[in-house]
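Engineer: One structure, pasted below without further comment.
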Amino acid sequence: MILKKWKKENDGFTLLEMLIVLLVIAVLLILFVPNLTKQQASINKQGDDALEKVIQTQAEMYYLDNSKRAQSLDVLEKGGYISKEQQEKAEKIGITLEKD
């Protein structure tokens, strides 16, 4: 009989407890979401910088193989020096080859 009384009193969470948990989750989201978006921008910038270095390196490889400079990213892609995805991403972010 005592066991039934205890179980009935502690059957679930109260509305107040649920609201407190939701409030804590909301506060954590408010604190961490802006930081995550800042980090995402930094990660994207680092990726763009890395792609630029890859393209510079591959343009130099093209020069060493062909004794002439590549005139465009398309030439590097057709020669197998960069992938189509790298070419598209580079064009999207504005990476171009330097003209001599």
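Engineer: Taking the stretch 61-71 on its own, how many of its residues are loosely packed, with under 13 Cβ neighbours inside 10 Å and either small (G, A, S) or assigned to a helix (DSSP H, G or I) (or both)? Before you say what the answer is, go through the steps one by one.
Structural biologist: Of the residues in the stretch 61-71, the ones loosely packed, with under 13 Cβ neighbours inside 10 Å are 64-68, 71.
Those left that are additionally either small (G, A, S) or assigned to a helix (DSSP H, G or I) (or both): 64-67.
The total comes to 4.
For (1) in contact with a Gly (Cβ under 7 Å, 6 or more places away or on another chain); (2) at pLDDT below 90; (3) of a type outside the set (D, E), each residue gets a yes or a no:
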{"position": "L19", "(1), (2), (3)": "no, no, yes"}
{"position": "D74", "(1), (2), (3)": "no, no, no"}
{"position": "S83", "(1), (2), (3)": "no, no, yes"}
{"position": "L97", "(1), (2), (3)": "no, yes, yes"}
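Engineer: Working only within the stretch 76-100, note down all residues that are assigned to a helix (DSSP H, G or I), under 16 Å from N66 (Cβ atoms) and either touching a residue at least 24 places away in the same chain (Cβ under 8 Å) or open to solvent by 90 Å² or more (accessible area, probe 1.4 Å) (or both).
Structural biologist: K78
The values are calculated or read from the model by the stated rules, or taken from the named source; none is laboratory data. Note that the structure is a prediction, hence the values are computed from the model and not measured. Here Cβ is always computed from backbone atoms with ideal geometry, including for glycine, and neighbour counts include all displayed protein chains. Note: areas computed on protein heavy atoms with side chains; ligands, DNA, RNA excluded. Shrake-Rupley method; radii C 1.70, N 1.55, O 1.52, S 1.80 Å.
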